[in-house]
Amino acid sequence: MEALDKSKLLRHTTREIKERAALTVNPAKTCQPIGAMYAALGIHGCLPHSHGSQGCCAYHRSTLTRHYKEPVMAATSSFTEGASVFGGQANLIQAIDNIFTVYNPDIIAVHTTCLSETIGDDIPQIISKAEEEGKIPKGKKVIHANTPSYVGSHVTGFSNMTKAMVDYFAQSTGNTKDQINIIPGWVEPSDMEEIKRLAGIMGIRTVMFPDTSGILNGPQTGRFHMYPRGGVTIEGLKSTGDSMGTIALGQTASSAAAHALDTRYKVPFDLLDLPIGLLATDRFVDALRRMTGASVPESIEIERGQLLDIITDMHQYFYNKKVGLVGDPDQLISLSEFLVSIDMWPVHIVTGSPGKAFEKKIGEITSGSPYKVNVRAAGDMFMFHQWIKNDPVDLIIGNTYVKYIARDEDIPFVRHGFPILDRIGHSYFPTVGYKGGMRLLEKILNALMDRQDRDADAKNIELIM
Amino acid sequence: MTVSGQGIETVDPVGLKKEILEKYPAKVGRKRTKQIIINKVDDGVVPEIGANVRTIPGIITQRGCCYAGCKGVVLGPTRDIVNITHGPIGCGFYSWLTRRNQTNPESTEDGHNFMTYCFSTDMQEENIVFGGEKKLRQAIQEAYDIFHPKAIAVFSTCPVGLIGDDVHSVTREMKEKLGINIFGFSCEGYKGVSQSAGHHIANNGIFTHVIGTDDTVHDGRYKINLLGEYNIGGDGFEIDRVLEKCGISVQSTFSGNSSIDKFANAHTSDLNLIMCHRSINYVAEMMEKKYGIPWVKVNFIGAESTAKSLRKIAQYYGEKDLIDRIEEVITEEMPEVKKAADEIRPRTQGKTAMLFVGGSRAHHYQELFREIGMIPIAAGYEFGHRDDYEGRRVLPEIKVDADSRNIEELEVTHDLERYRPRKSKEEMEGLAGKGVSFRDYEGMMPDMDEGTLVVDDISEYETEMLIDKYRPDIFCAGIKEKFVIQKKGIPLKQLHSYDSGGPYAGFKGAINFYREIDRMVNSRIWKNLKAPWQKNPELSAKYAYMPNR
């Protein structure tokens, strides 16, 4: 047994790795419903509704609130023991009535939980019943997604609710519209804004769904709006079936909705990686160009050139550095590619979300690595930490929970992903696009160079770096 | 925006209540009317309030669930138990380090600290279909093999109860197999009507499986347990400092900065002090019945309340040494506190506060506000019961409904070997005559002014109505409410798990709190919400674009 190092926060994490079949320690994922809640917040005038015990809703709202430092509104069916035995129909119908009466949203987006799924509540049937009973006012809509917590992860929950937007709203009039759909995946409101900005300066009309910009990064005005200005509108969602095409960003979060639009309304799609980093952003901009015939304006080329400029200027700080990455699959794929493109090497890559395709893809991206690469889907941060103990890295990129590993192992740390509970910035400053790439590099360089400054002794400290 | 404090004179609470209720569907209104009370104090007697009743589906609530109360609140801060959440991943994830319970692992010799970890069985679909007991058994084995803990606790989430996993038989079996203390909690989220049910279940579990398992009697002339103190932001550390300075040994705190070892011989103490009545009174009641330890309600939030609570302890022991020492400590600590309050009071005097939080905190923190001249104008609990509002004298009137019936009440009798009344019946009566009332809590409402509003399980909509009508200077609630209120231009202080800062308990904590409230209610930033052109939109000049000049 290894001796306990009492200076450590994670003092029970051993270097010796024992394979585990049943116990998850320090998860690198959370459950589906929170993703559905986040996605639903990206519809204008929508109140997300959690169909289960009220604790789920409280936990999801708390976590999203801590991450965004913004109001996160959602309601719950508040199951009691009785509802758990007899089913949640009465609770949901009452909730629908109360929500429309008191909070007056345009849409209620219901997602299920492990509780209501285990009971087997049939949400479409309950919604029909509410409709029959006149609980849904004219012009208002109740939609739903199934998000049992014992399947997938928060990212697949996001995907399910995004697909529900297509299922419930998309229509085809037969006339193709001069617009494209963008499904941004689970990224920050700032990222969604940046993706729209890039398409906008190319002169492309887009419908983005979901779109949490303007909702979870709203201004302080002295007024509270339960339904802020942002979000995709119902009109927008309806029109997605008439779009020229769909750009879906991130396999895990966005492919389901893109497939649904293609299957149902023959809207062709391009499934791309999240535009994090030079090459993924190149592919995104090029896809916009090809799909619409728009040309890429010089201003975008300048942004690209600026990102390249940082890379060439600072290459000595990146070269052959080893990085540990923990987060969500779509982010990690693009991040890994970005790091490799600047000659940094991801060596330990862990996501909590299940899916063997992730491991294969990371394997391809890191195939030229001079180092041994550990990759795991459905892994956890305990395993990640053990890998780091056995093979230390120069930098870790991950959510706030990485702070404890970074401190214990004294490794520079860049926050990226969900949740970030102890820093601000992610709501306002993107990491997608060329500009986002520049911000990421600034963060990475600050972490690495602050460390170099900290560790340099008086003889060899540098003023100019 | 109204002027500070204006709300209390201009708002008619009766009219406001009517206005609030009008918007609700009739059935909801009938329910809420019992939970929105205009306070009236008549010789310590206050109006009846509806509390600990079901949350109304669709009405946005502050409340969480039974699991949150059991695993998150009561057992979460115990650092040397491996707490395994049995269920899908979310519940364990959300309760991982998200309350600011501080702990000092160096205060137990082995230095175990699992609070930075999250353990879960991460149940998958096949576990739901075929049962999760096998996975749970395996998870306990793996936790034992890797971490070698002294104890393992298992917390059930919603689906566990539905699929019928018997966590108690699995934990019993594994306890026998591994030879360490292993126990389970049936704290499925749907039980009860709020976190409160989880507190009760946690109390029952600690009482059954831990307290009384170690008869070692530690040194200490005056030995107490502190119940219902969770060491948020270091509150417990400050209380420990004050008590130790008085010569009082804290045998065990439930459950801030706690260790299972210290729970185990809590039954050797002389007295139980109760901070958060709601979350922990069950343990105190049961310990009195089983071991003969009396309990008194204390409040270490607020300097005056701290002094009062210390004097209560002094009276209990009735020994001159202790009485003198406590007076010395109070005399020593108070000048700093008074100095801070006097310095800050001119900036806070007459400002108003609303407190909607917890099961005791909405009451306790009113003291701190009053100490700097602020006025609590509305308050309520998220998961309190009637006794927390109206006092324990109403306990016999409280009807057991379907939701509370599901929470087990343990049958407790004298422990034949360990029962030892700390005071005789006559001594207890004598002390009660001198104002040391045992087993008593007067509740929040008798301490509040007439005409103030008391709202149980306040909804988001009601919160907005109160804010808009009264424009208080500060609002106290939790993280979910924080940014709604602040978007309205009013600062919100989180009082469950302080958003930042602390400690706010004891003498030093009082000073911290005064400063924090001064910072918040007098921040310049709230004056800058409007840009100049928003304040004065009229234009006199005419726009002309003259690029060449």
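Derivation of every value follows stated rules applied to the coordinates shown; laboratory data play no part. Keep in mind that what you see is a predicted model, and the values were worked out from it rather than measured. All Cβ positions, even for glycine, are placed from backbone atoms using ideal geometry, and neighbour counts span all protein chains on display.
So here's what we get for this one:
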{"quantity": "Residue check for A:ARG454: under 21 Å from A:GLY218 (Cα atoms) and free of Cβ contacts under 8 Å to residues at least 24 places away in the same chain", "calculated": "no"}
{"quantity": "Among (1) in contact (Cβ under 8 Å) with a residue 24 or more places away in the chain; (2) in a helix (DSSP H, G or I) - the single one B:ILE49 does not satisfy", "calculated": "(2)"}
{"quantity": "Condition met for B:GLU427 (outside any helix (DSSP H, G or I), more than 20 Å from B:GLU304 (Cβ to Cβ) and not hydroxyl-bearing (Ser, Thr, Tyr))", "calculated": "no"}
{"quantity": "Only listed residue being among the hydrophobic types (A, V, I, L, M, F, W, C) and within 14 Å of chain B (Cβ to nearest Cβ), chosen from A:VAL402, A:VAL393", "calculated": "A:VAL402"}
{"quantity": "Conditions (1) over 30 Å from A:THR221 (Cα atoms); (2) more than 7 Å from chain B (Cβ to nearest Cβ): number failed by A:THR24", "calculated": "(2)"}
{"quantity": "Of all residues making up the range B:230-282, the number that are in a strand (DSSP E or B) and β-branched (Val, Ile, Thr)", "calculated": "5"}
{"quantity": "Condition check for A:GLY222: surrounded by 17 or more Cβ atoms within 10 Å (Cβ to Cβ), free of Cβ contacts under 8 Å to residues at least 40 places away in the same chain and not polar (S, T, N, Q)", "calculated": "no"}
{"quantity": "Residue, farthest from the other protein chains (Cβ to nearest Cβ), within the range A:36-72, restricted to residues that are part of a loop (DSSP other than H, G, I, E, B) and within 12 Å of A:LEU216 (Cβ to Cβ)", "calculated": "A:GLY42"}
{"quantity": "Scan of the range B:41-70 for residues that are over 19 Å from A:THR80 (Cβ atoms) and touching a helix residue (DSSP H, G or I) at 6+ places or on another chain (Cβ under 9 Å), ordered by number", "calculated": "B:VAL41, B:GLY44, B:VAL45, B:VAL46, B:PRO47, B:GLU48, B:ILE49"}
{"quantity": "Test: residue in the range A:273-285 that is within 25 Å of A:ALA170 (Cβ to Cβ), surrounded by 17 or more Cβ atoms within 10 Å (Cβ to Cβ) and touching a Lys or Arg at 6+ places or on another chain (Cβ under 9 Å)", "calculated": "yes"}
{"quantity": "Which numbered condition B:VAL74 fails, given (1) at the interface with another protein chain (Cβ under 9 Å from one of its Cβ atoms); (2) under 25 Å from the mean Cα position of the chain (by Cα); (3) buried (at least 24 other Cβ atoms within 10 Å of the Cβ)", "calculated": "(1)"}
{"quantity": "Any hit, the range A:317-328, residues being out of contact with any Phe, Trp or Tyr (no Cβ under 6 Å at 6 or more places or on another chain), of a type in the set (Val, Ile, Thr), in a strand (DSSP E or B) and in contact (Cβ under 8 Å) with a residue 60 or more places away in the chain", "calculated": "yes"}
{"quantity": "Cβ pairs under 8 Å, 6+ apart, first in the range A:183-195 and in contact (Cβ under 8 Å) with a residue 40 or more places away in the chain and within 15 Å of A:SER334 (Cβ to Cβ), second of a type in the set (Lys, Arg) and crowded, with 24+ Cβ neighbours inside 10 Å", "calculated": "none"}
{"quantity": "Out of A:VAL85, A:VAL102, sole residue that is facing another protein chain (nearest Cβ under 7 Å) and either assigned to a strand (DSSP E or B) or surrounded by fewer than 23 Cβ atoms within 10 Å (Cβ to Cβ) (or both)", "calculated": "A:VAL102"}
{"quantity": "Enumeration of residues in the range A:368-382 that are assigned to a loop (DSSP other than H, G, I, E, B) and over 22 Å from the mean Cα position of the chain (by Cα)", "calculated": "A:GLY368, A:SER369, A:PRO370, A:TYR371, A:LYS372, A:VAL373"}
{"quantity": "Complete set of residues in the range B:394-408 that are free of Cβ contacts under 8 Å to residues at least 12 places away in the same chain and facing chain A (nearest Cβ under 10 Å)", "calculated": "B:ALA402, B:ARG405"}
{"quantity": "Single match in B:ALA68, B:ALA139 (criterion: within 26 Å of B:GLU460 (Cα to Cα), buried (at least 21 other Cβ atoms within 10 Å of the Cβ) and facing another protein chain (nearest Cβ under 8 Å))", "calculated": "B:ALA68"}
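Results for (1) farther than 23 Å from A:TYR38 by Cα; (2) touching a helix residue (DSSP H, G or I) at 6+ places or on another chain (Cβ under 9 Å), shown as yes or no for each residue.
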{"residue": "A:PHE384", "(1), (2)": "yes, yes"}
{"residue": "A:TRP387", "(1), (2)": "yes, no"}
{"residue": "A:PRO392", "(1), (2)": "yes, yes"}
{"residue": "A:ARG407", "(1), (2)": "yes, no"}
{"residue": "A:HIS416", "(1), (2)": "no, yes"}
{"residue": "A:VAL432", "(1), (2)": "no, yes"}
